[in-house]
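Participant: Provided herewith is a single structure, encoded as structure tokens, for subsequent inquiry.
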Amino acid sequence: MAENVRYFLEQTVPELEDLERKNVFSKTEINKIMRRRTEFEHRIAGRASKSADFIKYIQYEMNLDNLRRKRIERLSPTGIVDMSQSVSDWSGQRKILFIFERAVRKFYGDLQLWSLYLQYAKELGSINVVEKIYSKMIQLHPTDTDLWISAAKFEFEENANAKNARTLLQRALRFNSEQEKMWLNYFVFELSYVSKLLLRRRILGLNSATQQIEQQELDRIEKEDEQRQINEKIQANEDIFTDNFQSLSTVKLNNLPETDINMLGAPDSNPALKGDVALAVFRIAVDTLTKTRRGFKGYSLSLVKKFISIVDGFEVLDREYLVSSIVTHMSSLEPTCSEYIVIVLTLPLRYLSISSPELPVKLQLSVNNYLKLDEPSIKNEYVEFLTKLLEESRNEKNDRIAILLQHLVKKCKYSI
């Protein structure tokens with residue numbers, strides 16, 4: 001034990017000598033730092049050491065590194081401190097990471113310790129270290145769903161690596177296929193990924209597949225006309241030829257082929273961009289989760305509502321298509337479920353704003369379909385939906401729609 005302590009302390013000597021040379025700490029302060037480190041090293045090296053001993057050691061090193069930075073910042077204008085880059089500029093952070101590594105190696109089951117280690121690595125912005133930490137944590141705690149979700153979220157949002165995020169979530173489901181939370185988060189990921197693609201396309205001004213074909217045809221005709229005019233002007237005047245040649249060059253620059261950007265096509269030609277991958281995840285999730293639980297009807301209904309509530313938050317996507325697909329799948333399993341019927345009735349109105357010109361027509365059609373039903377539970381739920389719309393129209397001070405909804409609510413209540 002004493003040899004290990006001496007070895008670790010000797011590794012810090014170049015750093016302390018450099019701090020003294022740069023006039024950041026005095027000789028007396030260097031000796032105090034060495035004594036404190038010796039105490040901590042003996043404490044964590046003992047058999048009775050606890051994770052709290054490592055945390056105190058780490059906190060001391062963090063405070064010491066903060067003091068070093070503040071002192072350099074304060075003394076740099078005076079010229080007392082040497083501002084050249086040297087070993088002491090990064091040795092503090094490296095030592096803290098090393099203490100964390102020794103701590104989690106000894107107390108590998110302490111999730112709080114792992115969490116602090118992960119948090120510090122993220123603050124440093126060290127992606128390689130963060131990925132290494134997540135990898136070790138997942139190996140030690142494969143049934144911790146929050147850990148898998150956190151790792152996938154980091155890959156997708158921080159590291160911008162959707163492929164790694166998807167791989168992590170799929171691996172997580174192999175260990176936690178019965179965990180509803182994992183399936184819901186995988187569903188969120190697939191919708192988020194498609195949303196980012198569509199937003200990127202919107203920013204770049206890309207149109208749907210049909211519009212792109214039409215535009216390409218218009219561009220071809222325009223280029224042919226342009227070329228014909230140029231040829232005519234070449235024969236008439238050389239100067240005019242030069243001007244139009246420049247114009248043609250501009251047209252070509254504005255219509256460069258965008259092969260790399262358009263590899264995925266468009267939502268109307270590529271089902272993946274409509275969210276069909278997420279729908280596949282939904283179907284597998286429902287089939288997997290409902291098999292492991294009794295009372296299929298009640299549980300599947302609450303599960304479907306959670307998936308639909310997730311879809312509600314993705315305005316970029318065709319939410320009506322996604323919810324319709326979800327309800328269609330579930331109605332094939334439970335065709336007589338009243339709440340599914342209500343969702344179908346209200347789906348055309350679900351994502352329309354109160355001020356939408358389509359609302360009155362779709363509202364009337366929905367009410368007409370409602371009046372054909374006889375089940376009281378369906379009618380009560382439908383009236384509740386109309387009442388919420390009425391409150392929303394009043395809040396937005398849309399008197400015309402409010403009057404219409406008020407009339408329809410009375411009509412529906414009367415039919416109960």
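Participant: Report, by residue number, each residue of region 45-101 that is surrounded by fewer than 16 Cβ atoms within 10 Å (Cβ to Cβ), touching a helix residue (DSSP H, G or I) at 6+ places or on another chain (Cβ under 9 Å) and aromatic (Phe, Trp, Tyr).
Facilitator: Within region 45-101, 98 is the sole residue that qualifies.
Participant: Also: Within region 338-389, take every residue that is among the small types (Gly, Ala, Ser) and part of a helix (DSSP H, G or I) and give me the one that is farthest from residue 323 (Cα to Cα).
Facilitator: 377
Participant: Continuing with the same structure: For region 29-41, check the following and say yes or no: at least one residue is of a type in the set (Ser, Thr, Tyr), farther than 27 Å from residue 103 by Cα and surrounded by fewer than 15 Cβ atoms within 10 Å (Cβ to Cβ).
Facilitator: no
Participant: So which helices (runs of 4 or more DSSP H) stay within region 117-211 end to end and still have 3 or more residues that are under 18 Å from residue 274 (Cα atoms) and of a type in the set (A, V, I, L, M, F, W, C)? Don't jump to the end; show me each part of the working.
Facilitator: Details: elements: 127-140, 145-153, 162-175, 180-204.
Once the helices (runs of 4 or more DSSP H) in region 117-211 are filtered for at least 3 residues that are under 18 Å from residue 274 (Cα atoms) and of a type in the set (A, V, I, L, M, F, W, C), what remains is 180-204.
Participant: Which one of the conditions (1) closer than 19 Å to residue 88 by Cα; (2) in contact with a Leu (Cβ under 9 Å, 6 or more places away or on another chain); (3) not acidic (Asp, Glu) does residue 51 fail to meet, given that it meets all the rest?
Facilitator: Status for residue 51: all satisfied but (1).
Participant: Please go through region 11-28 and pick out each residue that is touching a Ser or Thr at 6+ places or on another chain (Cβ under 9 Å), buried (at least 16 other Cβ atoms within 10 Å of the Cβ) and closer than 19 Å to residue 96 by Cβ.
Facilitator: 12, 15, 16, 18, 19, 24
Participant: Another one. What are the pairs, 6+ residues apart or on separate chains, where a residue within region 135-147 that is at positive phi has its Cβ under 9 Å from a residue that is surrounded by 16 or more Cβ atoms within 10 Å (Cβ to Cβ) and polar (S, T, N, Q)?
Facilitator: Short answer, once both residue conditions are applied: none.
Participant: Of the residues that sit in region 1-15 and are in contact (Cβ under 8 Å) with a residue 24 or more places away in the chain and not polar (S, T, N, Q), which one is nearest to residue 87 (Cα to Cα)?
Facilitator: 15
None of the figures in this text is laboratory data; all of them are computed from the coordinates on show. Computed from a predicted structure; not experimentally measured. Methodologically, a virtual Cβ is constructed for each residue, glycine included, from the backbone with ideal geometry; neighbour enumeration extends over all protein chains shown.
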